[in-house]
Every structure is written in C-alpha cells, then in structure tokens.
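Down below is the structure, laid out as structure tokens.
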Amino acid sequence: MSDPTGDGPGDTAPDGSAVELYARLPPGSDPELLHSRMPPGANILDLGAGTGRLADPLVDLGHPVLAVDASPTMLARVRSAATLTSSIQDLHLPQRFDAVLLASHLINSPTKDLRRDLLSSVERHLLGTGQAFIEWHPPSWFDALDPERSYTGTIGDFTTTLEIHSLAQGLLHATVAYQDHRTDQTASTWRHTFTAQRLTRELLQAEADAVGLTIGHALPGAEHWLIASPRPGT
C-alpha cells in the first residue's frame, strides 16, 4: 500500500494531515472524558498532538501538557500547551508522566514495527502509577464497512466522506474528504488517503506485552479509547 498522502488548502504534514483542517476540527467531548479519568492536575504527554486539538482543552481543564509532534507546522498552531518537535518513536525524555495520550488512531498503523515503537514510547514515558489512553478504530468499525460504499458524516463545520478503495484481510485503504460549506466563506476541501490495520484486543495486547504494557478496558462511554497501564514489575 502507498504511504499516506493529503491535499487541500494550506500546509500538509508528512503523514498527509492538513494543518489548517486539524486546527479547525473541534475536539468534541474527548478532553472532558479523558479529564474525568485523571487525577486533578495530572501531568500529560500528548504523543502526535498535531495542532493541540486535545492538548489545549486539557490545559484549560487544569493539566500541564507537553504536546509532541514531528511537524513543527502543526505545533505552531498549539495555543497553550508546551510543545516539542519529535517523532514519537525517537522520543526519549528524562521524565515520566501521569498520563500519556496516543490519539488519532495511530495505533492502527499497518506496520507492526511502528505499532510496537509507538507502544514502546508510551511505556517508557509513563509513570508506574500512570495511565495511557490509546485511541483506536475498534474491530467493529472495520466490520461495518462495505468496500462498495462511501460513507458521509459531519464534524463541526465539515461534511466528511469516507471512500473505501480496498478492504481485505483486515487492511483498509481509503480516502477521507472534509468539505467546509460554511456560508461565510468559499467552500474548501481537504483529502487524506491512508491505510489502517484492523486490530483485535488480543493482537494489540500481544504487541503491548512485548513492551511491558497491559491493555485494559475501553474508556466508559467511548469505545474508541483504550486505557493501558504499565505491567507490574516492568
């Protein structure tokens, strides 16, 4: 499968994500849900933070947050969190955090080595008493997709269209388009082509075992977030 690509107005990060689009996507209820599972003032590391869609609202909720991303153009849009430019897999900080976020379904990468590197970075930056929050596409999301269809929805001011190019043996190749039809400006469209791997909890746990993490239950009310913790004795 090809590497992820993207197009549309403004700058695009190396993974195909459009900077202007991500700066305008609403955070939804995720910051409040994550906050509800953390101690007051918990120190947070946001891996792959992008434009701060989660990091900035969590700062507003009273948390010190370090937002890490490989794209300095993305991080330039972060409003209030501290920022650091780095790939997730190359990050080796001296401190550990009460909470580590791995959002944007990065764990559904089709590359096993990359998934393990992501999980390894989560583990080495997490306090022994801390929790990690891993956003994923659960198996049920893949199972509901039909390769002969496209799917439309809405996120904030955007209409989304998911076009499936292929879905075989759990490997999805698709393009998602975001179109802004707000009446106060000319319509803008961004497209992002990506590949995602269907993962079961069992497969993800096997990969987490290799780096000393235990995958627990989903975040109550949000099946797309899994809670992980360091395995005792690691």
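Laboratory data are not the source of any read-out in this text; all were calculated from the coordinates shown. Everything quoted here is computed from the prediction, not taken from an experiment. Methodologically, a virtual Cβ is constructed for each residue, glycine included, from the backbone with ideal geometry; neighbour enumeration extends over all protein chains shown.
General observations
- Here the sum of -39500 (n - 2.57) over DSSP H runs of 4 or more residues, divided by the residues of the chain, equals -5500 deg cm²/dmol at 222 nm, to the nearest 500.
- Burial ordering of I44, I227, fewest other beta-carbon atoms within 10 Å first: I227, I44
- Between the stretch 139-196 and the stretch 2-47, the C-alpha centres lie 17 angstrom from each other.
- Relative contact order, whole percent, for the chain stands at 18, derived from Cα pairs under 8 Å and 6 or more residues apart.
- Kirkwood Rh, angstrom, the stretch 107-234 [1 / mean 1/r, Cα pairs]: 16.5
- Overall shape of the stretch 91-136 was characterised from the C-alpha gyration tensor. The equivalent ellipsoid obtained from it has semi-axes of 19, 12, 7 Å, in decreasing order.
- Positive-end extreme of charge dipole, the chain - chosen from W225, V100, L199 (charges on Cβ): V100
- Taking only Cα atoms of the stretch 138-197, radius of gyration then Dmax in Å: 13.1, 44
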